[in-house]
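Step one of this worksheet: look at the structure below.
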Amino acid sequence: MFKKSLHQIDQKHHFKLYKRFPITLVRGSGSRVWDTEGKEYIDTFAGIAVNSLGHCHPKIVDAIQDQASKLVHVSNFFTTPPQVELTQKLTKLAGLDRVFFTNSGVESIEGAFKLARKYGHSAGKTGDIISMEECFHGRSIGAIAAGKHKYQEGFEPMPSGFAHVPFNDIEALRKKVDQSTIAVVIEPVQGESGIRVADKAYLQEARRLCDKYDALLIFDEIQCGIGRTGKMFAYEHYGVKPDVLTLAKALGSGVPIGALLATEKAASVLDYGNHGTTFGGNPLATRAALATLEVLEEEKLVQRANELGAWLMKELNKIAKDEDAIKEVRGKGLMIGMELAFPGAGVMENMLKKGILINVASGNVIRLVPSFVISKVELTAVVLALKESIQEEKNKQK
């Protein structure tokens, strides 16, 4: 089928939920993808921080093909070697005691909310789960109740039991957290809200308050975890360990898998039948996740994400210094946001014409979350194209 007919079919039959790029991708390798017309693109999207090892990493492909020839799925009434190995690997890496596997980030966060509610009930508390203003935890009803108001519109009434405080506002957090609070949920780096990084003092105070009032501290690292910020887990930058940790996105290199990790104290409140999943943690997904973690370690890609991220931040700040259309550059590792003085959609279109895929978050923030295997040559091309594209869009605004 030609590009035009594919898009016509998509527009006719798929829910109108995505503002699709006017291209159809058919192949990928490393940090590059190709469309149906054979055009090549540098991909700084990485499936929205999913393809951290790039597209079609040979070790991931081999692991998936090998596992698919043995066992793809069994129910969670049985253990399988990949799941058991991943259980041991993840809990050791995170320094937590228990793990529950899911199919996605939103399932991980919903599991965390259920765990928090049960933990609160066990302590005789029925207070709120406190989240951050402008946060994003997914698109289920529970997740949007905890998230920014933008995603709640048209889906009211929202479930009760959620309260919000401004991100990085210590005094507001102190006023809100009390003996009735059952949990505080924070993204150490807010992704969808434009790569906003938590202050160290803020996370430390959240930890202190949760300890004081026996509330669970939940870190949502669905986007910022698995090496994205230059450490395996973003919380390692802060010296603050959560009671509950949610993961997904990069964990399976594109094979759907998420994880909910917790301390023994937190996890122990859940009993047989309190929660479950049909597909979560099946042999294929857990084998892909194991291979992902192995490649990250063997090729020292977490360290590379840290080094490349520092270099890219420096280069972007050079542009920002002389460009008043750029309000701020912020981020950690290879999770970087460039806030513009105007909407970023036009810049995104300009970049597409130049053969580079970028993403815009919160309307005016260029979100760069490329693979950890992207080269400096490719990143240099991205930086130069960004400079040109911002200037082109700025000229249109005049």
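Looking only at segment 349-378, which residues have a backbone nitrogen under 17 Å from a spot 7 Å from the Cα of E298 in the C-beta direction?
Flagged as within label range: 372-373.
In percent, how large is the relative contact order of segment 165-246, given Cα pairs closer than 8 Å and 6 or more residues apart?
Rounded, it is 30 percent for segment 165-246.
Quick check of the Kirkwood formula: for segment 341-398, what is the inverse mean of 1/r over all pairs of different Cα atoms, in Å?
Radius from the Kirkwood sum: 11.7 Å.
Work from the charge dipole of segment 1-149 (Cβ charges, +1 for Lys and Arg, -1 for Asp and Glu, about the Cα centre) and give the residue of A143, P82, G38 farthest towards its positive end.
A143
Within segment 291-369, list the trypsin sites (Lys or Arg not before Pro) lying in a DSSP loop whose Cβ has at most 14 other Cβ atoms in a 10 Å radius.
Qualifying residues, ordered by number: K300.
Please give, to one decimal in nm, the separation of the simple spin-label points placed at H73 and K19, each 7 Å out from Cα toward the Cβ.
The answer from the label model is 3.4 nm.
Taking every alpha carbon pair in segment 132-197, what does the distance histogram look like in 10 angstrom bins from 0, in percent?
Pair shares across the bins are 21, 52, 27, 1.
Report relative contact order for the chain in percent, whole number only (criteria: Cα-Cα under 8 Å, sequence separation at least 6).
With pairs under 8 Å counted, the relative contact order is 21 percent.
On each of the three principal axes of the Cα atoms of segment 82-223, give max minus min coordinate, whole Å, ordered largest first.
For segment 82-223, the Cα extents along the three principal axes come out at 42, 36, 31 Å.
What length, rounded to one decimal in nm, is gained on full extension from E236 through to F155, with 0.36 nm per residue of separation minus their alpha-carbon distance?
25.6 nm
At a probe radius of 1.4 Å, what is the per-residue accessible area of M348, in Å² to the nearest 10?
The value for M348 is about 40 Å².
Considering all projection directions equally, how large on average is the shadow of the alpha-carbon convex hull of segment 1-84, in square nanometres?
Value for segment 1-84: 8.3 nm².
What figure in square angstrom, to the nearest 10, would you give for the accessible area of L71 with a 1.4 Å probe?
My reading of the accessible area for L71 is about 70 Å².
Divide by every residue of the chain the summed helix terms, -39500 (n - 2.57) for each DSSP H run of at least 4, and state the resulting mean residue ellipticity at 222 nm, rounded to the nearest 500 deg cm²/dmol.
-12500 deg cm²/dmol
So if R0 is 35 Å, what FRET efficiency would A201 and D324 give, r being the distance between their Cβ atoms, rounded to the nearest 0.05?
The value I calculate is 0.70.
Equivalent-ellipsoid semi-axes (√(5λ), Cα gyration tensor) for segment 242-398, whole Å, largest first?
37, 18, 15
For segment 58-117, state which trypsin sites (Lys or Arg not before Pro) are in a DSSP loop and have at most 14 other beta carbons lying within 10 Å of their beta carbon.
Taking segment 58-117 and a limit of 14 other Cβ atoms within 10 Å, the loop trypsin sites (Lys or Arg not before Pro) found are K70.
So how exposed is E171, as accessible area in Å² (1.4 Å probe, rounded to 10)?
The value for E171 is about 100 Å².
Sort T36, T286, T278 by accessible area with a 1.4 Å probe, largest first.
If we order T36, T286, T278 from most to least accessible, we get T278, T36, T286.
Evaluate Rg over Rh across segment 140-298, taking Cα atoms for both radii and Kirkwood's formula for Rh.
Rg/Rh: 0.97.
How large is the Rg to Rh ratio of segment 56-132 when both quantities use alpha carbon positions and Rh follows Kirkwood?
Reported Rg/Rh (Cα atoms, Kirkwood Rh): 1.09.
Provide S180, S122 ordered by accessible surface of protein heavy atoms (probe 1.4 Å), highest first.
Greatest to least solvent exposure: S122, S180.
Using the Cβ atoms and a cut-off under 11 Å, what net charge is assigned to the surroundings of E221, where Lys and Arg are +1 and Asp and Glu are -1?
Charge balance near E221 sits at 0.
I need the chymotrypsin sites (Phe, Trp or Tyr not before Pro) found in segment 101-160, filtered to DSSP loop residues with at most 11 other beta carbons within 10 Å of theirs.
Taking segment 101-160 and a limit of 11 other Cβ atoms within 10 Å, the loop chymotrypsin sites (Phe, Trp or Tyr not before Pro) found are F155.
Take every DSSP beta bridge with both residues inside the chain and express the antiparallel ones as a percent of the total, to the nearest 5.
Bridges in the chain that DSSP calls antiparallel: roughly 70 percent.
The values are calculated or read from the model by the stated rules, or taken from the named source; none is laboratory data. Since we're looking at a predicted model, the values are computed, not measured. For neighbour counting, all protein chains shown are included, and Cβ atoms are generated from backbone atoms with ideal geometry for every residue, glycine included. We work out accessible area using only protein heavy atoms, side chains counted, and drop any ligands, DNA or RNA first. Shrake-Rupley method; radii C 1.70, N 1.55, O 1.52, S 1.80 Å.
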